[in-house]
1. List, in the order given, every pair from Lys350/Lys374; Lys56/Lys156; Lys324/Lys350 whose Cα-Cα distance in the structure shown is over 18 Å.
2. Once the Cβ-Cβ distance between Thr143 and Gln50 is put in as r, and R0 is 51 Å, what FRET efficiency do you end up with, to the nearest 0.05?
3. Can you tell me, using C-alpha contacts under 8 Å and at least 6 residues apart, the relative contact order of the stretch 33-93 as a whole percent?
4. Between Ser297 and Glu361, what FRET efficiency follows from the Cβ-Cβ distance if R0 is 22 Å, with the result rounded to 0.05?
5. Could you list the trypsin sites (Lys or Arg not before Pro) in the stretch 44-101 that lie in coil according to DSSP, counting only those with at most 10 other Cβ atoms within 10 Å of their Cβ?
6. Leaving out ligands and nucleic acids, note down the accessible area per residue over the stretch 180-303 with a 1.4 angstrom probe, in whole Å².
7. Mind checking the stretch 172-275 for chymotrypsin sites (Phe, Trp or Tyr not before Pro) that DSSP puts in a loop (not H, G, I, E or B) and that have at most 14 other Cβ atoms within 10 Å?
8. Where in the stretch 93-108 is the amide nitrogen less than 19 Å from a point lying 7 Å along the Cα-to-Cβ axis of Glu68?
Amino acid sequence: MKKIYEIIRAAAIVMTFCTLFLSACQEPSGEVGILDVSVKTPSVSSGKGQMFVNVKCDGSWTLSLTSEAGEVDWASLSMTSGTGNKSNVILSYQVNASENARKLTIVLDNGLKWVSCTVEQAASGQQPEPEPDPLPQPDTDLTRTGWLELPAMDDKELGYYSHSFEMKGKTYRNYSFGWSQKDLVALWVAYPLCSMFTNKTVGRTDAWAYDPILGQEYSSAPFGGYGGSYARGHQIPSADRLCCYDANAQTFYGTNMTPQLNAHNEGIWQTMESKVRTLANTSDTTYVVTGCVVEGSTKFTEDSDGKKMTVPVGYYKVLLRYSKSSTISTWAAMAFYTEHKSYSNSTSLKSLAMSVDELEEMLGMDFFVNLPAKLGEARAAELEAEDPLTNSVWGL
């Protein structure tokens, strides 16, 4: 009888996992919306403890625990159903007296789709490798804004944030950025640019500061420069935000800086920044992505707090230009890429220009991810493939 029971139990476990697998492979017919479940750390010690489970869901949901062994009798949830986002669900777990580690899966289901995360408890007497604290959660879900300057935001190792400012009773978005805590730099900064932002009502503020979103713990420190011959290179330039004090001061946050060679920062990079401003001032809006490339870098420096920063191997700017004028192209797109080195004064921007598609292939990124929804897939693809040297609007 015991053997029959074990066979039935094993079959039930297999059916449960098959059901979960099939539901993961089937696309729901309706809109799923946001659905995510996470914990602060996926590894805990062998002792008794608790942790918060973070649930993100647009509607109603259920939570459950499962494992390869079937029923989870060593852990429990304070809440197994609810509606909307919750950050106060508690996972409680008992002491693991076994010589083997054990693992459970937390499953979040909204009726159309399920997602999961795992927690592993160390074996008796063993301690897990400490996990770094997660980055602060952003106030705004940038994927829902539809802002045209934004690239795809699918790298789970980055934190995605945005800054805004008030001017004459109105709130304006300043810039968004994808933050790499590992490298202590923003891999990209995206922003709209037009004459309103560059209209000089204030000067350069030099208001060096930690980024208030990340605080001193996570933000790089921009005070007093970096080690070696590296400048505090702006990604969104100070001169692109002269419309009011707050807009300019935000460009001096540590998260907008990268360690950039003085010769590059004051040479080809400055020339490129000036060119972009000139183009933006003769258009209705130019959407800009400025970024740095850290993949393959073997050089590092330190910020003024002594925290390690990766020195980029290259920099780029990607432009999407819009103008209502009937005498020039309504939409146009292009990109620049520079190696992180000193360029001669005779280097032309023309030699550094390329199509958006070319830069995307080089970097493995997807720029202007919201453009197809605005113009349609075909027109967006046409713009990103366009050779900028064939379009007189860029003046190259």
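1. Over 18 Å Cα-Cα: Lys350/Lys374; Lys324/Lys350.
2. Details: r = 31 Å, r/R0 = 0.61.
In this case the efficiency is close to 0.95.
3. About 39 percent, as a whole number.
4. In this case the efficiency is close to 0.65.
5. Values: sites: Lys48, Lys56, Lys86; in loops: Lys48.
Sparse-neighbourhood loop trypsin sites (Lys or Arg not before Pro): none present.
6. 36
7. Here the chymotrypsin sites (Phe, Trp or Tyr not before Pro) that fit, given the DSSP loop and packing criteria, are Phe223.
8. Those under the cut-off are 96-107.
The values are calculated or read from the model by the stated rules, or taken from the named source; none is laboratory data. Being a predicted model, the structure only gives us computed values, none of them experimental. Cβ sites come from the backbone with ideal geometry, for glycine too, and all protein chains shown count toward neighbours. Areas reflect the complete protein model, heavy atoms only, side chains present, ligands, DNA and RNA absent. Shrake-Rupley method; radii C 1.70, N 1.55, O 1.52, S 1.80 Å.
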